[in-house]
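> First the structure, then my questions, so here it is.
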Amino acid sequence: MIIDFPSIQGQRWPAKTGLILYGRACHALAEAKSVDEVKDIIDKTVAVQMYAKQAHNRSLLEDATDIRPRAERRCGALLTEMKATGELDSGIGGDRRSRSRPVTVKLSDLGINKRQSTSYQNLAAMADDAFEVYVVNRKRKASTGFGGSGSYERNTPPEILELVRKVFHGRIDCDPASNAAAQRNVRAKVYYTIDDDGLKHSWPGFVFVNPPYRCDLIKAFVKKLIEELQAKRCKGAILLTDVSTSTQWFETVVRHYQSICFVRKRIGFLFAHDGENMGIHNPQGQMLAYFGSDVERFENVFSTVGTCMR
């Protein structure tokens, strides 16, 4: 079975299409009976991974990164089976058209090199639990390196959110740049995901913003935050970003904030896809900018983790 991916060149795939492709790939992998069929799936997922990185489509990247090792493992199982039955050439060579001896196939005939063959067969030999851990780690690695400067969705750890809630009298009304895993800790009354596009909606009440960590997106979220504050839809806000003093959006923040906390220790963010700790890989420090009337409350709370300035 050959999986029918749409054309990659110039194609924009929304999240729904990514899910369809993921389901199609899973089905094709389950139905594949030959190394050629599985190799086709591997090649297609590699192409999708390359496209997803170029298009900054993280959801599609994660789906392709989930499928690829499963296809490689299936390929390894088939290669192991071929070796056991004598179908895989051990070096003597074979002739597919000859009836004088059993047909054997070289790795080169399959478009697989020796290193790949060893890697795939090692995956096939893994216990199921160990393999699932391996898949998760592959996805984390792909996400962490996404966009050249780390994943652009990084969830806020609960200890920071607890401080935010203290400033906002025990609640967060709106989180406009969120995801399902983040809401286990944020617990906002209203939240918007990448599919909802928080930039298109109003931000009511007390707002916490941890924008996607890409310069153009941070700029857009900062601009939207100022608009919501000026329209008085937002009662108060806390913005969490890296300290990037050379950017235009930082200048915008400086013109409008009431207080700012420069965090003493770099924050250990969480993965967006599962909420697990990413570790501290960010070379930059972080800051939390406060917009609102209760400056003293903000500074009393956040002075426990950093230096506050007006």
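> Spelling out what I want: for every residue of region 163-171, take phi, set θ = phi - 60°, compute 6.51 cos²θ - 1.76 cosθ + 1.60 (Karplus), and round to whole Hz; glycine and proline get x.
Values, residue by residue: 5, 4, 5, 4, 5, 8, 6, x, 8 Hz.
> Okay, moving on. Which cross-chain or sequence-distant (5 or more) residues have an amide H under 5 Å from the amide H of ARG154, H modelled 1.01 Å from N in plane?
TYR213
> As a footprinting exposure proxy, order ASP89, ASP175 by other Cβ within 10 Å, with the fewest listed first.
In order of increasing Cβ crowding within 10 Å: ASP89, ASP175.
> For ARG233, ARG58, which order do you get if you count the other beta carbons within 10 Å of each Cβ and list the fewest first? Can you show the working numbers first?
Details: ARG233 14, ARG58 23.
Ranked by crowding around the Cβ, least crowded first: ARG233, ARG58.
> Same structure, new question: With 10 angstrom as the radius, rank GLU62, GLU227, GLU159 by how many other C-beta atoms surround their C-beta, starting from the fewest.
Fewest-to-most ranking of GLU62, GLU227, GLU159: GLU159, GLU227, GLU62.
> Along the positive direction of the dipole of region 154-309 (beta-carbon charges: Lys, Arg +1; Asp, Glu -1; about the Cα centre), which of PRO204, GLY292, PHE221 reaches farthest?
Result: GLY292, furthest along the dipole toward the positive end.
> Excluding same-chain residues fewer than 8 positions from LYS39, which lysines have a Cα within less than 24 Å of its Cα?
Cross-link targets: LYS53, LYS83, LYS106, LYS114, LYS139, LYS141.
> Here's a follow-up. Treating the beta-carbon of each Lys and Arg as +1 and of each Asp and Glu as -1, no other charges, what is the dipole magnitude of region 154-309 about its Cα centre, to the nearest 20 debye?
Around 220 debye, computed over region 154-309.
We did not get these values from a lab; they are worked out from the coordinates using the rules stated. Only a predicted model underlies this, so the values are computations on that prediction, with no experimental measurement involved. Note: ideal-geometry Cβ built from the backbone for every residue, glycine included; neighbour counts use all protein chains shown.
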